[in-house]
1. Where a ≥ b ≥ c are the square roots of the eigenvalues of the C-alpha gyration tensor, would you call segment B:460-506 rounded, which needs a/c under 1.5, or, failing that, prolate if a/b is larger than b/c, or oblate?
2. Restricting the calculation to Cα positions, tell me the Rg (one decimal) and the Dmax (whole number) of the protein assembly as shown in Å.
3. Considering only Cα-Cα distances, which of the following residue pairs are longer than 19 Å: B:K130/B:K169; B:K72/B:K185; B:K472/B:K683?
4. How long are the semi-axes of the ellipsoid equivalent to chain B, from square roots of 5 times the Cα gyration tensor eigenvalues, in whole Å, largest first?
5. Once you keep just the Cα pairs under 8 angstrom separated by 6 or more residues, what percentage relative contact order results for chain B?
6. Which of the listed residues, A:L470, A:V319, A:F450, is farthest toward the dipole's positive end in the protein assembly as shown, when Lys, Arg count +1 and Asp, Glu count -1 at the beta-carbon?
7. What does the average come to when, for each residue of peptide A:411-421, you count the partner chain Cβ atoms lying within 10 Å of its Cβ?
8. Lys/Arg Cβ at +1, Asp/Glu Cβ at -1, dipole of segment B:441-582 taken about the Cα centre: which of B:A559, B:I532, B:S478 is farthest positive-ward?
Amino acid sequence: MKPLNLSPADLAIAEAAFASVAEEMGESLTRSAFSPNIKERRDHSCGVFSSDGSLIAQAAHIPVHLGAMPMTVRTILDMGPFEQGDIIALNDPYKGGNHLPDITTVAPIFYTERLLGFTATRAHHADIGGMAPGSMPVATELYQEGLIIPPIRLVEAGKISQAAWSIILRNSRSPGEREGDLRAQLAATALGIERVQSLIDRFSPEGVETRFNAMLLHGERVIREVISEIPDGLYEAEDYLEISEGGKIYLSLEVKNDSLYFDFEGTDSESQSTSLNAVAQVTESACYYAVRALAPLDAPTNEGCYRPVHIRLPKKSLVNASDPRAVSAGNVEVSQRITDVALKALAQALPERIPAASSGTMNNITIGGYDSRRKRSYAYYETLAGGAGGGPRQAGRSGVHTHMTNTLNTPVEAIPLAYPFSIERYELRTGSGGAGKHPGGEGLVREYLFYEPATVTIISERRKLQPWGLAGGRDGASGVNRLIRANQKEYELAARDTVQVHAGDRIIIETPGGGGFGGLEID
Amino acid sequence: MTSKFDNAVGVDVGGTFTDFLFLIDEEYIVQKIPTTPDDPSIGILQGLANIQTDLSRVAHGSTIATNALLEKAGARTALVVTEGFKDILEIGRQARNNIYELEPTPANLLIPPELIIEFSGKLTPDGEIKTNVSPDLYRTIIENAVSNNVEALAICLLFSHKNTFFEDKFREVYENIKHDFKGRKLPYLSISSEVSPEYREVERASTTALNAYVGPIMSTYLSNLEKSLQQVNSFVVAPSLHIIQSDGGAATTSQVEKLPVSTLLSGPSAGVNGALSLARAVDEHKIITLDIGGTSTDIALCDKELPYRTNLVIQGIPARTPVVDIHTVGAGGGSVAYLDTGGALRVGPRSVGSLPGPACYGKSRELSSPAFSVTDAHALLGRLNRDYFLADSLQIDVTEAERAAEPFLNIFSNKFEFAQAVIDVTNANIERAVRVVSVQKGFNPNEFTLIPFGGAGPLHACDVAEMLNIDKILIPPSPGVLAALGALQAGHTLTVGQSVLQTMNEDSVESVLTNLQQAIKIISEKLSGDDIQYRAVLDLRFVGQSHEIGVNIDNANEANLEVLLDAKEEFVERHGHLYGHSGYDVEIANIRVTGFVDPKFTPPKPVLPNRRNNQTGPLINQYCEAIFRGGSQRTPIYLRTELSADDHIIGPALVTQLDTTTLITPAWLGRVDIEGNLILSKK
């Protein structure tokens, strides 16, 4: 392999320095963002990139952002030449984005006249328009999901484009919040540029390029080392989304020396009737996550890590959707199933490392309506955790977000302060974890009580198909969505459903448990 | 009490040493005694007995609660929660600690599932009683706990921040049945509306449970220590005993018995408090403290005052209690160097710990491949003077450090280059942590003075300051006993908080004032002294937001409606400044009032040695060969005890003292100020 051309200490120092920039940008974004989604749930990522768009360092709180950022920066490279003070914004899933609520900014870093890299921020905005509050509707076309922002110069040589700015704000149900969050992204961008420039002062422009190359090579070495520990072979796995068109996700994974080849040929076509479609970069994120989770804790996060990972995606498929398919659930649901498939394949190679399937859904709930007590319209979005799969080391943890997400819940005491509904029950769903030597974690039960009419949208998975057990462990229980009307009549809701509720109605969501690991010993 | 500060002592119990800073007849006396981990009070009493003087006050940074948690040695605890929410602690915020964990680490549960009791009484979100219970239920629950050998009982019911009815009943019944239980011990009682009366149920329940978990062990410790203090011969009257809380303030033992959860960051916060007081004495108001210990570095950024926050996560468990805002990073003198699988040099977070300790301490001679730590790097570079390190109590064995370095010498051209690399990587990790903390607070670190302390802080200060573009470093006279100093001069504090949750406008502000005045009344009844200062923090936000900005009100006892409305305006302005927009309706989430009794502590004038007539600077004690980037340099060694005001030292130089060694690199200058601080600046 190529030499690093940098001492082991200078390499570690450079990694600390650029990781610090990404982290500082993330802290700046958290500190100055307006909306709870960014500020408290930390649904955002920041990164530093080289001039050819390679990811150098990333502060990610949510794995689904891992692979998506490099593609974003590459997409905008042909918008050059750039000027100092330019900031590109986009959310178009077919031009570098992943789903519409995630707005990404990319800004060039100049040192004197020379372009030395980029900084990028990505944040999940609570509403970007479209047919339902929260911009995560049960949709069939991208246009229904919200305002599409192709890559545009939102800021040109330091000057905000008022035209673009006003269009974005006008298309959101909560323009004040959007403005605050976008400004927070601009502030984080400015900080990132300033900090990288000071590092160029410290290391010199050539020194920075040497360091970027060494860091990428280092990431590559660490991951190649991880892969070389995996036995060579061809491992196949499939799993399903619960959609009428089929929903099969198929992977043949080849491990060859220190490289991995993910081939999804054989996966079903993209969904015309739902938004359960992953764009390519979401699929890549899921694959990268599976590899990254095998790496040691001290591994860096840069694009070099992905060089040994080769991914082939069939066109117009569930894992590589095409314009204008709806994609909002690709990020939150399809990404989880791709992870399941990737881990299922890896489990054949690494039975001592890989746990059984976790709940495999983020159980997305969006509630919207008019709050007559506070005299305002509202849109509320949350995701619910489930059981983690039992693993070779231990039983699965109960009631925890797994794999591609890690966002916090909203306090039960906070909800009725701001919205006309409350949580009446929030506890583990006893018996939902699959049995096994190391049982799967339990899912959750969350019961909502409504005080006023509202529209409730649920996007969930694993309502029929159960999270699989492994090595003889049993499957976890699938989830259940129920509506109990004020008159006590009970209805089962679909995995993806929109329902009008009235005062006194309840919705109960029971989330899936994790699969069990290992057979039970029977005397 | 007379106007002068009476004889007193500040004590900080560390992992290895218990530090004492006595103030006797307006002079400081430092003492260090090996910590007695099984019962820290034994070491404390030894230290107190040694001094043979009467004392009026013992202020003590305590690790009792923290250790009980770390060692999972707390009480058998039961938790009463609202029906339907029994798993509140296990679910927590539904997130895992590390996003790449394929098998998420299980929640750290202090309470076994069979001791979680669901309570059928319910409140509506507005605090009205929705389902009442039979009055017998409270007694039944307490009696069942007793028969289940429960040592501590925590109560946390939903919406009790709105109405304490059910929780108050538990207290009432508990007090009533005390006399029925003569001979049998009632469990320690920890009630959420008393411990953490603010909304957000996970943090409230967790804090209440944690408080219960460490309550009995703390109570026992305090009553034993108080008894022992009465038996120290040299005390005419037993001194008053104060425990340092996580907010840096002192508390009476009865206060801490009820709220042991307030002491989880006792020692570290006392250290920051000590550093800030030294800085203030020389008119430095913006400081970054860098406390580099054996396994970790604590960083705090103070802009005129101690930085606070109210949420802490310790061992994965959230606790809501006022704490000095300290950021910890796993880099210290004992941090171990290694090469990762891709060939980068890493240092920490693994540490050699106290056993075997750094290779150069000579306790790993038996090991075939001892770990190489940051301290070993300093030893190799000639910075740990063999004769003066830790006052002769420990000899430095450089050959052992060399042996530990051997495995790395096929990659690094020589041992010095390797040692320097280890230091550089450590400093880069510390720099990163300081930068992230600074950005969180909205500051550039170069506006601050660096105050290094802990065993290794002054060895790293010049390099770290340089990386952060900080041009001034203040090394306290005794960097190793800053926590004891912080304890010694801590004022008595008491914080009363509550959720208010209402809009904040001209019509509604009156009830906010009423809440504020109630809190002040509670504090005034509990704190002694007639010159209590009150400071309030209003947690304000715009309607629809879920995060708050704390706005301070000084002299809160004089606050009127206008002051509160000004605070609201300040919030709107700050929000606009921070986020570039504002202007919706403002609401108040919580009020927190802290009463503070100024101890009127005047630090004694330092006793600095007099210069002999014709002597212009400090005497160089001896020279050593220390290694710097440019190579080996003849480096003078000074004894800190010999330094006097206005002495100048030109780097490179080493200054040694009982508890630490200061490294002045070739690019820096030292000067001693009138208070005995060593001030370093760039050449």
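Quick note: the coordinates plus some simple rules give every number you see, no bench work behind them. Just so we're clear, the structure is a prediction, and the values are computed from it rather than from any experiment. We place every Cβ from the backbone using ideal geometry, glycine too, and count neighbours over all the protein chains shown.
1. Numbers: a/c = 4.67, a/b = 1.75, b/c = 2.67.
Oblate shape, in that a/c is at least 1.5 and b/c is the bigger or equal ratio.
2. When restricted to the Cα atoms of the protein assembly as shown, Rg and Dmax are 30.6, 100 Å.
3. Details: B:K130/B:K169 16 Å; B:K72/B:K185 22 Å; B:K472/B:K683 11 Å.
Over 19 Å apart, Cα to Cα: B:K72/B:K185.
4. Values: eigenvalues 406, 156, 148 Å².
Taking √(5λ) for each eigenvalue gives 45, 28, 27 Å, largest first.
5. Numbers: 1480 pairs, mean separation 82.8, N = 683.
It comes to 12 percent, rounded to a whole number.
6. Farthest along the dipole direction, towards plus: A:L470.
7. Working: counts 8, 11, 14, 7, 2, 4, 9, 5, 1, 0, 1.
The per-residue average across the peptide is 6.
8. The residue sitting most towards the positive pole is B:S478.
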